[in-house]
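Everything on this sheet refers to the single structure shown next.
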Amino acid sequence: MTNPIKTLCPYCGVGCGLDVSPPAVSGKPINRDKQGTPVWQARGDRAHPSSQGMVCVKGATITEALHKDRLLHPMMRESLDEPFRRVSWDEALGRVSDRIQTVRTTQGADAICMYGSGQFNTEDYYVAQKLMKGFLGTNNFDANSRLCMSSAVAGYVQSFGADGPPCCYDDLDVTDCAFLIGTNTAECHPIVFNRLRKHHKQHKHVKLIVVDPRKTQTAEVADLHLAIKPGTDIDLLNGIAYLLLYRGYLDSVFVAKHTNHFTAFAEVIEDYKPDVVAKRCGISIEDLETAAQYWGKSKRVLSMWSMGINQSSEGTAKVRSIINLHLMTGQIGKPGAGPFSLTGQPNAMGGREAGGLSHLLPGYRSVKNPQHRAEVEQFWGLEPGQISPAPGRTAWDMITGMEEGAVGLLWIAATNPAVSMPDLERTKRALLRSPFTVYQEAYYPTETSAYAHVLLPAAQWSEAPGTMTNSERRVTLCPQFRTPPGEARADWVIFAEVARRLGFSKPFTFNGAADVHAEFVQLTRGRPCDMTGITHDRLRYEGPLQWPCVQGEDEGNIVQTEKGRFRFPSFMRNPQKLSASRLAAKRLYTDYQFHTPDGRARFAAHHSRGLAEPPDDRYPYVLTTGRLYGHWHTQTRTGRVDKIRQMYDGPFIEIHPRDAAAIGIKEGGWLDVRSRRGIARFPAKITTAIVPQTVFVPMHWGALWANKAEANALTHPEACPDSLQPELKACAVQLIPV
Ligand code: SF4
């Protein structure tokens, strides 16, 4: 029997290892989906250090959607009211490169925009950065990670001098107190939650605090659930800080030796006395005191957060307010402790490493930093000054750029903005105004394909090799084990081909994905995310590796394999002798040397500003949006998996019984939900799991899957001034029974 192929689940940032076997394994019946098509089988990989064999329904069913509704051939049309016609790759790429040349000449490079995805492999990200930021000279590359974790990036950079979650999943097994805020971990990062919950159940002293306006599956098993009003996170965090300070839990030695700006922070939290905070947050003073006690008395405190913190007009300030609590109590750089951002996308981390946001360059560099630009220019063989010092357009800036006529070409890849962007009707109107949109995608149709002039079929996970980095900085090789359907090609291959047609031949001639990766990691040398010790071959033979992973350090023993001599033991041949670098759980800042100029972490002094659009007499309810167990984002894949589709009839709105009675709606009755931007219709689910005056709608359903039930028709684009991440999590709405 052949060994299963080791790879990574390509859904969420937990990054679980998978063992994948072909549909026909000798001695067993052929594995088929409900329609009778043979499909590969996916199981949890017990040897993957991040997930230890566990897998959720998404990972277990991933192979069932790979062959359905695929975009098989390049297609084009002159205008959006025409049907697509099938064309050759040569014609499609000729058209794209001609149009890029025309826009460069007539409008300038900054009229070209690319909107990419945390579903990219790192190799895709890297080649896209090299083309856009390097050779075309525009920083207009942004990814859907802007909507997902850019507040965490900004928070880490401002507090520690560099991005990168300091923690690792082993911390879940040894913490004394887990503080979960703005994350429904049980449904959205289930394998992280399973591991934490196991530890919580086995050790009575371990406390689990959950902060969420909804009583989610995560909150149901908490020792303390703080159901705060939406938009009061910083009130709560500063209130806990006040109590930690005045109840004697300050680690004054750590603060004095390793931090700056504590005094300014201490002045701010004077305004967050328990009675004030309890009232603003809508919780009891006792619960607030309990939260501070749990944190203060625990030897090791691990905080975790996700979209509930990041998707906010004060997202960076919220992240920094969480980090403040760790700094004031010395809860960082040791097992079981630290501020841990749970990444949404499977490779948003790889995107950060490769510079895949409009203000970044590869290797955790910034476009604003002259030295960083010079280093990258030199490495790519560019003239000094070729990389623009101005951050490019963010995802939302691309929408406004189309409204203003400033975008001459929009290239969207592996994402579905016609469902996921805020203020969706405005987004769609802007997409209609784009003079030329290239859409590179594995599936067809999607909601976004309706806005494309050129469709380019992309190979997806399992069809092209590449690497992804999960939330704990662990890099896994995702090998190719299926042939791409039709004429689909890897994303990076398409970017490189366009670059060569534009005349950049030599810099974009790669001998495969491993070659791209080998070039990319050279740009991480000496940087906080140094990955120079990681190669495709090493990952293949040794298994996943965490960074920092520096060339020449901790590389195991030289062994002879069928592919040559490697400086590491062969995991496949001798799993008992895994190298130390693979097994060791790496934490950042264990030496308390932060990446700031003086090596000290920085406190932030932030007052709460609340919601960008608070409720008022006309729009009296707060709508919060979120995700459900099983579904992934806009359902491009999970909507095509029978088992997951059957889990939910469709979208719904959660409403508190008191509010339901006030407006006269019964269980299952239809509600029109209206905001200042749009309207959507949902059946009511009456539940005490949501606080009064707040309603919840899942965000997964776009126009293809449900009629007029798009959560983002209601949301607004007001963004955090530091991270530029929109506040997708909350807006003010009216509720009108139908
Ligand atoms: Fe995949 Fe995330 Fe589920 Fe793990 S938790 S199997 S990475 S979707």
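Taken together, the values in this text are just the output of simple stated rules run on the coordinates, not laboratory data. Being a predicted model, the structure only gives us computed values, none of them experimental. Using ideal geometry, Cβ is built from the backbone for each residue, glycine included, and neighbour counts are taken over all protein chains shown.
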Fill in the blank from the handout: Amide H proximity to Q440 below 5 Å, modelled H, separation 5+ or other chain, gives I412, A413, A414, L456
Completion exercise
Taking a crude spin-label model, label points 7 Å out from Cα along the C-beta direction, the R676 to N3 distance in nm is 5.9 nm
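Give me the net charge of H67's neighbourhood, meaning all other residues with Cβ under 11 Å from the Cβ of H67; Lys, Arg count +1, Asp, Glu -1.
On the way: positive: K68, R70, R482, R640; negative: D33, E64, D69, E463.
With Lys, Arg at +1 and Asp, Glu at -1, the net is 0.
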Fill in the blank from the handout: Honestly the stretch 382-461 on the Cα gyration tensor test (a ≥ b ≥ c root eigenvalues; a/c under 1.5 rounded, otherwise a/b vs b/c for prolate or oblate) is just oblate
Problem - Label zone at E267, where the point sits 7 Å out along the Cα-to-Cβ direction: the stretch 585-620 residues whose backbone N lies under 14 Å - result: 604-607
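Can you give the extra length, in nm with one decimal, that the chain gains between A584 and D616 once fully stretched, where that is 0.36 nm per residue apart less the Cα-Cα distance? Numbers along the way, then the final one.
Values: separation 32, 0.36 × 32 = 11.52 nm, distance 5.23 nm.
In short, 6.3 nm is gained.
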Completion exercise
Cross-link reach from K6 to aspartates and glutamates, straight Cα distance under 20 Å and at least 8 residues apart if same chain, gives D19, D45, E64, E123, E463, E472, D537, E542, E562
Completion exercise
Computed from the beta carbon distance with a Förster radius of 30 Å, FRET efficiency for S366 and A450 to the nearest 0.05 stands at 0.25
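Give me the net charge for the shell around A601: Cβ to Cβ below 15 angstrom, other residues only, Lys and Arg +1, Asp and Glu -1.
Residues close to A601 contribute a combined charge of +2.
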Exercise for the section: Take the Cα pairs of the stretch 621-737, get the Kirkwood Rh, then feed it into Stokes-Einstein at 37 °C and 0.692 mPa s and tell me D in µm²/s. Expected result: 224 µm²/s
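Given the pairs K207/K685; K130/K428; K130/K368, which are separated by over 24 angstrom at their Cα positions?
Numbers: K207/K685 31 Å; K130/K428 29 Å; K130/K368 17 Å.
Among K207/K685; K130/K428; K130/K368, the Cα-Cα distance tops 24 Å for K207/K685; K130/K428.
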Fill in the blank from the handout: Non-local residues with an amide H under 5 Å from the amide H of L226, with H modelled 1.01 Å from N and Pro and chain starts lacking one, are V210, V211, D212
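Would you mind calculating the gained length between E487 and R46 on full extension (0.36 nm times residue separation, minus the Cα-Cα distance), in nm to one decimal?
Details: separation 441, 0.36 × 441 = 158.76 nm, distance 3.46 nm.
Separation in residues times 0.36 nm, less the Cα-Cα distance, equals 155.3 nm.
Per 0.36 nm of contour for each residue apart, how much would the distance between V253 and D173 grow if the chain were fully extended, relative to their Cα-Cα spacing?
Values: separation 80, 0.36 × 80 = 28.80 nm, distance 2.70 nm.
Length gained, V253 through D173: 26.1 nm.
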Handout entry: Peptide ranges 305-313, 21-29 listed from the most packed, as the mean C-beta count within 10 angstrom indicates
Key = 305-313, 21-29
Practice task
Determine, for F135, F160, the number of other Cβ atoms within 10 Å of each Cβ, and report the residues in order from fewest to most.
Solution key: F135, F160
Fill in the blank from the handout: Everything considered on the Cα gyration tensor (a ≥ b ≥ c; rounded for a/c under 1.5, else prolate if a/b is larger than b/c, else oblate), the chain must be described as rounded
Exercise for the section: Compare the peptides 604-610, 621-627 by average per-residue count of other Cβ atoms within 10 angstrom and give them in order, highest first. Expected result: 621-627, 604-610
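Between A662 and E286, how high is the FRET efficiency from 1/(1 + (r/R0)^6) when r is the Cβ-Cβ distance and R₀ = 25 Å? Nearest 0.05.
E(calc), rounded to 0.05, equals 0.30.
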Practice task
Would you mind putting 219-226, 346-353, 80-87 in packing order, based on average other-beta-carbon counts within 10 Å, highest first?
Solution key: 346-353, 219-226, 80-87
Exercise for the section: Could you let me know the centre-to-centre spacing of the stretch 445-524 and the stretch 50-108, using Cα atoms, in angstrom? Expected result: 11 Å
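From the helices alone, meaning DSSP H stretches of at least four residues, give me the mean residue ellipticity at 222 nm for the chain, per-run term -39500 (n - 2.57), in deg cm²/dmol to the nearest 500.
Values: 25 runs with 214 residues, N = 738.
The helix-only estimate for the chain comes to -8000 deg cm²/dmol at 222 nm.
Given axes a ≥ b ≥ c from the Cα gyration tensor, I'd like to know whether the stretch 1-67 is rounded (a/c under 1.5), prolate (a/b larger than b/c) or oblate.
On the way: a/c = 2.69, a/b = 1.42, b/c = 1.89.
Cα axes put the stretch 1-67 in the oblate bin.
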Completion exercise
Between Q546 and residues 5 or more places away or on another chain, the pairs with built amide H atoms under 5 Å apart involve V475
